[in-house]
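Below is one structure, written out as structure tokens, with a few remarks after it.
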Amino acid sequence: MARKLRMEYAGAIYHVINRGDRREPIFRDDQDRQRFLETLGEACRKTGWEVQAWCQMSNHFHLVMETPQANLVAGMKWFLGTYTSRFNQRHKLVGHLFSGRYKALIVDGSGNGYLRTVCDYVHLNPVRAKLLKPEQPLREYRWSSYGEYLKSPTRRLEWLKVWRLFGEMGIPQDSAAGRRQFEQMMEQRRELEEPRTLKAVRRGWCLGDEAFRQELLQQMSTRMSRHHGGDERQETAEAQAARIIAEELRRRKWEDSELERRRKGDCEKLKIARRLRRETTMTLNWIAQRLKMGASGYLANCLRHGG
């Protein structure tokens, strides 16, 4: 059976959910939770993602983010694969951590309240799961972005962007008064969730008005004949990598042929490879071939040991 199309476009907003394989835990302790956030931060730096909300539960996570570039698939592949590798390494495990494909609900970010709906859904998840007693404030659940919203900008994770949600809530400034207003509104909101809204977030493929839905359907119909947009995604990722390589070659006053002439473990080529790994989602195999650095295993060893 063919997989459903992953709709990607610059500026898209998604509510992403993924669960543990066989619904098993994806976080065993707070160190895992912190490592997940560190990995998410790395993914944001590589892809340019702007996160609006997240929530970590025991066996799944919620993530609301905007993709300024059309790179959801490449970024999620790196993010989930990297966290799985780190989780398995720490706990001396092998194999899958996540169950199947992640769900990605496309959200209308026009400012008409749909982003607020999905962010509220994410921030109130611990309440629905009864992880907080009725008398406990939302801020007492540590592992969601809700607590980050209550911090000043200098103390907040840099890749969490609060302005869009504040705007939809009518909060004019990211100030102490604005953050108090946000907390008051959310404490009121926890009593008012509607079953119809919950169903729309849980079961749908997009969240927006009819015009937004029809526009997405039109885009999907034009891309179905292009292998689900795979060519466009690859071109976007490779264009970013090509730009970085061109910058690095100019900095060194090299022609492209210099990559072939120098030995595969050359320290300058290794610097370029490190930047590509840090700032893009390109594979080790692609980087090794493009920089003339031999096999991907050799490059991995050089990056690991600083060769």
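The values are calculated or read from the model by the stated rules, or taken from the named source; none is laboratory data. What you are looking at is a predicted structure, and each value in this text was computed from that prediction instead of being measured. Positions of Cβ are generated from backbone atoms using ideal geometry, with glycine treated the same way; all protein chains shown enter the neighbour counts.
Descriptive notes on the structure:
- Among the candidates Leu284, Leu299, residue that is in contact with a Ser or Thr (Cβ under 9 Å, 6 or more places away or on another chain), of a type in the set (A, V, I, L, M, F, W, C) and at pLDDT 90 or above: Leu284
- Residue satisfying condition, being touching a Phe, Trp or Tyr at 6+ places or on another chain (Cβ under 7 Å) and in contact (Cβ under 8 Å) with a residue 60 or more places away in the chain, within set His62, His96, His91: His62
- Test: residue in segment 1-20 that is assigned to a helix (DSSP H, G or I) and either without any contact (Cβ under 8 Å) to a residue 12 or more places away in the chain or not acidic (Asp, Glu) (or both): no
- Residue under evaluation Glu158, criteria (1) closer than 21 Å to Gly41 by Cβ; (2) assigned to a helix (DSSP H, G or I), criterion not met: (2)
- Residue in segment 203-217 that is surrounded by the fewest Cβ atoms within 10 Å (Cβ to Cβ), counting only those that are closer than 23 Å to Arg19 by Cα and modelled with pLDDT under 85: Arg203
- Search result, residues across segment 25-36 that are surrounded by fewer than 14 Cβ atoms within 10 Å (Cβ to Cβ) and not in a helix (DSSP H, G or I): Arg28, Asp29
- Residues located in segment 109-136, provided they are loosely packed, with under 13 Cβ neighbours inside 10 Å, more than 22 Å from the chain's Cα centre (by Cα) and in contact (Cβ under 8 Å) with a residue 40 or more places away in the chain: Arg128, Ala129
- Subset of segment 139-170 [more than 18 Å from Val51 (Cβ to Cβ) and either in contact (Cβ under 8 Å) with a residue 24 or more places away in the chain or crowded, with 16+ Cβ neighbours inside 10 Å (or both)]: Arg139
- Among residues of segment 185-201, those that are of a type outside the set (Gly, Ala, Ser) and at pLDDT below 85, counted: 9
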